[in-house]
Amino acid sequence: KKLLNQKDVCMANADQVKEITGFTIGGVSPVGHLKQIKIYIDKSLSRFSNIYAAAGHSHCIFKISFFDLCKITNGEIKDISE
């Protein structure tokens, strides 16, 4: 099975992450990126009442519901946990 129905999927390196999102790995927020990117949200996260996401720094997080995370990111829900 292809992950996210893509032919070639790979993890971005630290420089690419910083250039595209403006955040350093370990603190990449799901919102506020420098460049517009597709956001994929693993549907398995829907089982939690609250999710804790990075808030722009490796020592900062924020609490959000699955529904609100989907709403603020305009993220596409995918089964990516397999």
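Nothing in this text is a laboratory measurement; each read-out follows from the coordinates by a stated rule. Since this is a predicted model, take the numbers as computed values, not measurements.
Where a ≥ b ≥ c are the square roots of the eigenvalues of the C-alpha gyration tensor, would you call the chain rounded, which needs a/c under 1.5, or, failing that, prolate if a/b is larger than b/c, or oblate? Oblate. In order along region 22-39, the phi-based Karplus estimate (6.51 cos²θ - 1.76 cosθ + 1.60, θ = phi - 60°) of 3J(HN,Hα) comes to x, 10, 8, 3, x, x, 6, 6, x, 9, x, 6, 5, 10, 6, 9, 6, 10 Hz; Gly and Pro are listed as x.
Of all the options ILE37, ILE51, ILE25, the one that moves most in a Gaussian network model of the chain with Cα springs shorter than 10 angstrom is ILE37. The relative contact order of the chain, computed from alpha carbon pairs under 8 Å that lie at least 6 residues apart in sequence, is 29 percent. The sum of -39500 (n - 2.57) across all DSSP H runs of n ≥ 4, divided by the residue count of the chain, sets its helix-only mean residue ellipticity at 222 nm to -5000 deg cm²/dmol.
Between the amide H of LYS78 and those of ILE41, ASP42, LYS43, distances stay under 5 Å, these residues lying 5 or more places away or on another chain, with hydrogens modeled in the peptide plane.
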